[in-house]
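Contents: one structure, followed by commentary.
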Amino acid sequence: MLDVVNLRHTYGEGPNAHQALGGIDLKVAEGELVCVVGPSGCGKSTLLRSIAGLIQPTEGQIRIRDTTVAETPGDLAVVFQDYSRSLFPWMSVGDNVALPLRQRGQDRAARRQAAAEALEAVGLPSAAGKYPWELSGGMQQRVAIARALAYRPSLLLMDEPFGSVDAQTREDLEDLVLSVRRHHRMTILLITHDIDESVYVGDRVVVLTKSPARVAGELAVDLPSPRDQIATRQLPAFVRLRAEVGRLVRDKQQHSEA
Amino acid sequence: MLDVVNLRHTYGEGPNAHQALGGIDLKVAEGELVCVVGPSGCGKSTLLRSIAGLIQPTEGQIRIRDTTVAETPGDLAVVFQDYSRSLFPWMSVGDNVALPLRQRGQDRAARRQAAAEALEAVGLPSAAGKYPWELSGGMQQRVAIARALAYRPSLLLMDEPFGSVDAQTREDLEDLVLSVRRHHRMTILLITHDIDESVYVGDRVVVLTKSPARVAGELAVDLPSPRDQIATRQLPAFVRLRAEVGRLVRDKQQHSEA
Amino acid sequence: GSNTTSTSSTGGGSGLEKTEISVAVSAIADHSAIYIAQERGFFKEEGLTVKPEITPSTIATLPKLLNGSLDIAAIAYFGVIHAQEEKTGDFRVVADAYQAKENIFEIVVPKDSKIQDVKGLEGKRVSIASLGSIGQLAVGASLKTAGLDPNKSVNWVPLPFPAAPAALQSGSIDAAWLTEPFLTNVQKESGARVIADTMTGSMADFPIAGWVGTAEWAKKYPKTMAAFQRAILKGQQIASSDRKAVEKVLPNYTQIKPDVAAVMNLGTFPTSLSAARIQRVADLMLEYGFLKGKFDVAPLLVPLPQ
Amino acid sequence: MVRGVVGAAGLLAVAEALGRSGLVDPVLLPPISTVLAAAFQLVVNPEFLADISGTLTVWGGGLLVAVLIAAPLGVLLGTLPAAELAVRPLIEFLRPIPSVVLIPLVTLLMPWDHGIKGTVVVYAAVWPVLINTMYGLRDVDPVAKDTLRSFGFGELAILRRVSLPSAAPFVFTGVRVATAIALIVTISAELLAGGADGIGAFMIRAQSGLRTDIMLAATVWTGILGFAANAVLVRAHRWAFRWHVTKAGGA
Amino acid sequence: MTVTTVTDLHDGAGPSPASANGTVRHGLGSVIRRVWLVPIVIIAWELGTRQAESPFFPPPSRILVHMHELWFSGPASALYLTEEASANFLPSIGRLFSGWALACILGIVLGIALGRSRTLFDYVNPIFEFARAIPPPALIPLFIIIFKIGTPMQLATIVYTVIWPILINTIDGARYLDSLHSETAQVFRLSRAQRFFRIILPAAAPKIFAGMRVSLSMAVILMVVSELVGALNGIGYLIQAKQQTLDLAGMWGGMVLLGLLGYVLNGTFLFVERHVLSWHRQARQTN
Ligand SMILES: Nc1ncnc2c1ncn2[C@@H]1O[C@H](COP(=O)(O)OP(=O)(O)OP(=O)(O)O)[C@@H](O)[C@H]1O
Ligand SMILES: Nc1ncnc2c1ncn2[C@@H]1O[C@H](COP(=O)(O)OP(=O)(O)OP(=O)(O)O)[C@@H](O)[C@H]1O
Ligand SMILES: [Mg+2]
Ligand SMILES: [Mg+2]
């Protein structure tokens, strides 16, 4: 499905140049959910933006279903790290969620219905009529998630999507993503800082080194599906995997740096 | 030090009115570090903004050192949840951090020195010359923290300050806050979603109910100081407290709602 | 512009109250006497330094005279009399400047127009340089002669002379009242046809413009005024007798091409100032409703020095 | 740059073709090549150079005064609601009065040729700067302001450190609009009020001889002046507001 | 505090007593706060002009009487307008509106195209920058040749001049669209039309409105300027005629009329703007 080959990206030029990606190789199979973890500022968002065709990598290649990504590929959704700026303040929450569905050729009623369902699923059943700036940070983040899920993309990119919500909601959202993926066969790339989370939701965890990012190591997560917040997390395999990812992360960085 | 009495706040008017705070009572002693946890959208940021004098509560009182807060009290620093919008894009990172120090009457060299130290402390020793939009999300968040810490306020309010950084950096920052508090006797109110974190850094944990927020319960954290990321977290008392906070949070909310 | 503060010094030897004066003229042949006088040193002989300034309209000139930033201006009598009656200011004519002759103010129509004579103008759009001016009076007189009502029979379009030829050719207007050099130009370049000379009959030899200052100025600087009068009179004299002299100074302040200058018609450059002659302007203005009552021009005229 | 030249060349070619097509009388509207040739000759015409310098004086001076009045006033009104409220009816009443109509009145009050035109220019150029400043101050991110406020900065410091920098690009856009308006009004005032020098006064002379080519050549120079001024301002904008341009990523 | 500052600023923005959400919450006090300066200025004007006794500066009382005589003493059937008034006011206002509307449409469409396409911008920008600097009075002869005297030429003059503030502001607004907004639109592959109507236009709307507001007053000015030369009727034609015939009180009357017209137009505009941009205003004052 997704094939990233020797991806490099350098911001700026001359003495101020900063290499963010130092040659990344990554393959994601159809229907797979891959979690990416790595120190702050290592280049995760840069990787995601490159895959989404929002920045032109300096070197290397990205292929989606064997066609090289030149501009933003179709049938893609992104949950940005800076979710509050990615919502449109001039539209109601419902309209924000429904907007991309126009691409799907759905009629007004269907769009509204789908938006309402997505908002309900993220725990915001009565927010549709409000404006983004009337919501709390965590609620805005959930709107961004609802927008991406309602779109039912075949490839979903999420950049720390659960960073601003409480533990309970976070667990609910993790399960929501898992269930949506199961029912609609999405391929998902999820960036997270939470090692537990990466093991719980991922089929595979990719650990990046500090800037410039390279792949420090990969770990297949061979936990049974469907997963369960209590049962899965108590499995010895879960505990072992978690420790392994933790070690990979720690070994490869002494200190994250600007 | 800080005394919040029966605080209520309602956004908007008429049929669209939304009550965010439903009568909050809260006391924070001089030098104490209180963690506030609660479901997403319950009213934590609203509480923090009221204390900072940025919104006028509809009802109730806030007293700092026995004077009622009418406008923003002096000697206060805030780390906003929306950190990326609270950095000034037209200033370099160093200037962003140094700016509030003008309030302290420090001269140019001292300000620059203090900013450099604060940036070093949050793990961004070489970011001073960059602009905020050249940094990753987590790095921006750390700049906002550095700015608040460099200011050395007597009251520090932090709204989910570690939400966008990786686990390792998060631990470093938690310890940084603890050590700064110890050396400079700050009073700190910290909003977080991470129950472990609230127990690890807090002297006390206050749990809020879902919207409209009320105090669901309080827990004094009687763990020894100074704390240690590995040793403290392995103490049976830590495990017990964590479970108790978790229970409080879970009991009081079935589902967070808009 | 002129600088009033530095000009109040008394001139050397000649005893003038003021040796440097600003004079406004239009960029047309009518006011060429001042450039002739300038070129031949007549002002210098009188101890005067004259700074000419180009002005586009009467309304732009009057305030400058009134606040002293101009000393003298060449202004149409029509405007002076009107301003005097409206009490806009108290003005004095110090010398005559220009007088109409046949073939210098005419009504033209496009080459292929159906309009043959003044009668044919009824209901048409006729351009004049500005409303409430000599143009409206002149065309009005022609209309009246042709038996039409000057106030109702045509649509007046105020259009500066330079813009009129284009408007005429594009069909925006049906006829234009023009003066030289536009008249010669438009006939030569686009074959426009003259249907009437407006300076005939009651308008024959009509006084057009004079050299004007304010009463206050005339009282304050009598010697300067006399010096100006003497010099400009010599200029008027040469202009009236030597056509080549006029042609020669035109490039100093206009962009009239030499070939046009050589063939265009010129009016008269009077060398005397006659109340009887100028009274005709006031009388005709009254007749055509441009004045509210009888107006005597004599008090406005300053006798010429001998 | 190359593209700009290509675009301009394309337009010139079309204009030239139209001019030669015989659709319009070449005396009334000379072909563009004739106009450009005339414009080129004007460079060495000392009289015209004096006129240009007159125009530059009025234009630059008027613009400077306008910005010096409008920007502080805009900031003042943008931050003092009570004053803004009281002054607004007057502003809105005065704004739509054409400055060129005021020429005779200004002339009466001001015995100084450049002063007259300058006043008229100031009157016209003040509004875009004033309005853009007020709009810009309104458009400041509240989180940014709250940040400084929480550090105990006063309203004045917030104005200086947040509101002004973040409104600055907006104010600058107003200055750019005002620059063009000021040039237009300068020339218009010279055309309508005459005077000793100025491109407009030169145009009056050209008109008198029905020299459309010279008249349009002078118009071309006006365009060149405006173009050059704008180019300088755009550069200054890019340089001064790098953060604004980069953050928003341009197009 | 900001919150109140912004509220007052907007509430004071127009003549309408209703706030954006439709509730009337302004008492007498707020009206007084808004208009107290006006009578003071008028009285000062009256006293000053009486003192000066210049024919060029008639006192406002005389201007008003004269305006009444000239324009507002007509029969009731003609809404009290005299013949001169109805023959000149209506055509002027018609040209004003159509010229401004045309400029808005052209300016916004072109501005967004130029703001979003670097290539297009590079090609045409020099031409525009050049054209922008050319004064309309210098172009009127050209327009007379191309459009003929009358309404088309006057419209051309108005559009030519008032389009620039709209164009520049729209280009600015469209170009400096928050990068994350355009990226979001890109990621969800919104169509061109959707991007235009749902993202770019609303995001640039605050700036576009600022430009439209500047050009509305400019349109009043240009309406007058376009009627100074080669016009058959209009308010500018009237002012010009009054000036040329030295009816200076009449000329002042024309200017007062323009001021009132501009004031009413601006107030109406702000009223509309407040409704259209209510999201912007609220997003900027809450949070
Ligand atoms: N626009 C830019 N200009 C210059 N440098 C940039 C820019 N954007 C990002 N960088 C740099 O590239 C590096 C990687 O940034 P990126 O946003 O990809 O990090 P990240 O892994 O997403 O971090 P985080 O977890 O903190 O969000 C950082 O060091 C950052 O400073
Ligand atoms: N400007 C506003 N207008 C109207 N309602 C608002 C506004 N700001 C917040 N609210 C509402 O008030 C409630 C509390 O918001 P607040 O931002 O305080 O939540 P929070 O506890 O900080 O949530 P989170 O953890 O998600 O940041 C929410 O339900 C939100 O919808
Ligand atoms: Mg990131
Ligand atoms: Mg919050």
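The values are calculated or read from the model by the stated rules, or taken from the named source; none is laboratory data. In this text the structure is predicted, and so the values were computed from the model without any measurement. Note: ideal-geometry Cβ built from the backbone for every residue, glycine included; neighbour counts use all protein chains shown. What goes into the accessible areas is simple: the full protein's heavy atoms, side chains included, and nothing from ligands, DNA or RNA. Shrake-Rupley method; radii C 1.70, N 1.55, O 1.52, S 1.80 Å.
Amide H contacts under 5 Å for A:F88: none, restricted to partners 5 or more places along the chain or on a different chain, H placed in the peptide plane at 1.01 Å from N.
Any of C:K87/C:K124; C:K219/E:K242; C:K44/C:K248; C:K64/E:K242; C:K188/C:K257; C:K124/C:K257 with alpha carbons more than 23 Å apart? Name them for me.
C:K87/C:K124; C:K219/E:K242; C:K124/C:K257
Restricting the calculation to Cα atoms, chain B shows an Rg/Rh of 0.96 when the hydrodynamic-style radius is the Kirkwood one. Under 18 Å from a label point set 7 Å out along the Cα-to-Cβ vector of A:T58, the amide N atoms of region B:136-169 belong to B:136. Counting only Cβ charges, +1 for Lys and Arg and -1 for Asp and Glu, the dipole size of region E:76-286 around its Cα centre is about 820 debye.
Counts of other chain beta carbons within 10 angstrom of each beta carbon in peptide A:210-223 average 0.
Between C:S274 and D:E155, the simple label model (points 7 Å from Cα in the Cβ direction) yields a spacing of 7.7 nm. Between identical copies, the spacing of B:M1 label points, each set 7 Å from Cα toward the C-beta atom, reads 4.9 nm from nearest to farthest. Working from the Cα coordinates of chain D, the gyration tensor eigenvalues give, after taking √(5λ), semi-axes of 40, 25, 14 Å in decreasing order.
Shielding of peptide D:226-237 by partners, expressed as the average count of other chain Cβ atoms within 10 Å per residue Cβ, is 3.
Using only the Cα atoms of region E:74-186, build the gyration tensor, take square roots of its eigenvalues as a ≥ b ≥ c, and label the shape rounded, prolate or oblate: rounded if a/c is under 1.5, else prolate if a/b is larger than b/c, else oblate. The shape class here is oblate. The alpha carbon gyration tensor of region B:176-252 gives principal lengths a ≥ b ≥ c with a/c of 1.5 or higher and a/b no greater than b/c, which makes the shape oblate.
Work out the FRET efficiency for D:A9 and C:K248 from their Cβ-Cβ distance, taking R0 = 45 Å, and round it to the nearest 0.05.
0.60
Nearest beta carbon of chain A to the A-to-B rotation axis, with distance in whole angstrom: A:G163, 2. Label zone of C:D112 (point 7 Å out along Cα→Cβ, amide N under 16 Å): in region C:191-206 this covers C:191-193. Packing-based ranking of B:158-165, E:185-192, C:111-118 yields B:158-165, E:185-192, C:111-118, ordered from highest to lowest mean Cβ neighbour count within 10 Å.
Note on region B:44-111 and region A:2-51: Cα centroid distance 36 Å, given to the nearest whole angstrom. Projecting the Cα positions of D:F202, D:A229, D:V140 onto the charge dipole of chain D (unit charges on Cβ atoms of Lys, Arg, Asp and Glu, taken about the Cα centre) puts D:V140 furthest along the positive direction.
Quick one: net charge around E:S226, please, counting Lys, Arg +1 and Asp, Glu -1 for every other residue with C-beta under 14 Å from its C-beta. Around E:S226, the surrounding residues sum to +1.
Rounding to the nearest 20 debye, state how big the charge dipole of region C:34-111 is about its Cα centre with +1 on each Lys and Arg Cβ and -1 on each Asp and Glu Cβ.
The calculation lands at about 180 debye.
P(r) tail, region A:1-117: Cα-Cα pairs separated by more than 18 Å, 61% of all pairs. By the rule of a C-alpha distance below 22 Å, with chain neighbours fewer than 8 residues away ignored, the lysines paired with B:K27 are B:K44, B:K210, B:K252.
A:M1 sits with roughly 40 Å² accessible to a 1.4 Å probe, with DNA, RNA and ligands left out of the calculation. For chain E, the average shadow cast by the Cα convex hull is 19.9 nm², which is a quarter of the hull's surface. When the protein assembly as shown is described by a simple charge dipole with +1 on each Lys and Arg Cβ and -1 on each Asp and Glu Cβ, the residue from A:L219, E:A203, A:G123 located farthest towards its positive end is A:L219. Sorted largest first by accessible area at a 1.4 angstrom probe radius, with every protein chain in place, the residues D:S163, E:S77, B:S179 fall in the order E:S77, B:S179, D:S163. The residues packed around B:A237, meaning those with a beta-carbon under 11 Å from its beta-carbon, carry a net charge of +1 if Lys and Arg are +1 and Asp and Glu are -1. Remark: chain A carries a charge dipole of roughly 260 debye about the Cα centre, counting +1 on each Lys and Arg Cβ and -1 on each Asp and Glu Cβ. Computed over neighbours whose Cβ is under 14 Å from that of C:A129, the net charge equals -3, Lys and Arg +1, Asp and Glu -1. Extent along the principal axes, Cα only, for chain C: 65, 45, 30 Å, with the longest axis given first. Each residue of region B:53-176 gets 120 Å³ once the volume of the Cα convex hull is shared out per residue. When the label point is put 7 Å from the Cα of C:S241 along its Cα-to-beta-carbon vector, which residues of region C:30-48 have a backbone N closer than 15 Å? In region C:30-48, the label zone of C:S241 (backbone N under 15 Å from the point 7 Å along Cα→Cβ) covers C:37.
The alpha carbon centroids of region B:134-199 and region E:145-160 are separated by 65 Å. Hey, could you get me the Stokes-Einstein D for region E:130-287, Kirkwood radius over alpha-carbon pairs, 37 °C and 0.692 mPa s, rounded to whole µm² s⁻¹? So the translational diffusion coefficient is about 180 µm²/s. Between E:V276 and D:L76, the simple label model (points 7 Å from Cα in the Cβ direction) yields a spacing of 3.1 nm. Per residue, the convex hull spanned by the Cα atoms of region D:29-107 amounts to 169 cubic angstrom.
Taking each residue in D:76-85, count the Cβ atoms of any other chain within 10 Å of its Cβ, then average. What number comes out? Let's see the in-between values first.
On the way: counts 0, 1, 2, 2, 3, 10, 4, 1, 5, 11.
Whole-number average of other-chain Cβ neighbours for D:76-85 is 4.
May I ask you to order D:213-224, B:33-44, C:39-50 by the average number of other C-beta atoms within 10 Å around their residues, highest value first?
Values: D:213-224: 22.3, B:33-44: 27.4, C:39-50: 18.3.
Ranked by mean Cβ neighbours within 10 Å, highest first: B:33-44, D:213-224, C:39-50.
Could you give the distance between the Cα centres of region C:236-282 and region E:34-104, to the whole Å? Using only Cα atoms to place each centre, the spacing works out to 43 Å. Each label was represented as a point 7 Å from its Cα along the Cα-to-Cβ direction; for D:A240 and D:A50 these points are 3.5 nm apart.
Taking every DSSP bridge with both residues inside the protein assembly as shown, close to 55 percent are antiparallel. Principal semi-axes of the equivalent ellipsoid, √(5λ) from the alpha carbon gyration tensor of the protein assembly as shown, are 76, 32, 28 Å from largest down. The angle separating the long axis of helix C:222-241 from the principal Cα axis of greatest extent in chain C is about 40 degrees.
Since only B:V206, B:V177, B:G41 are under comparison, the one whose Cα sits farthest along the positive direction of the charge dipole of chain B, derived from C-beta charges on Lys, Arg, Asp and Glu, is B:V177.
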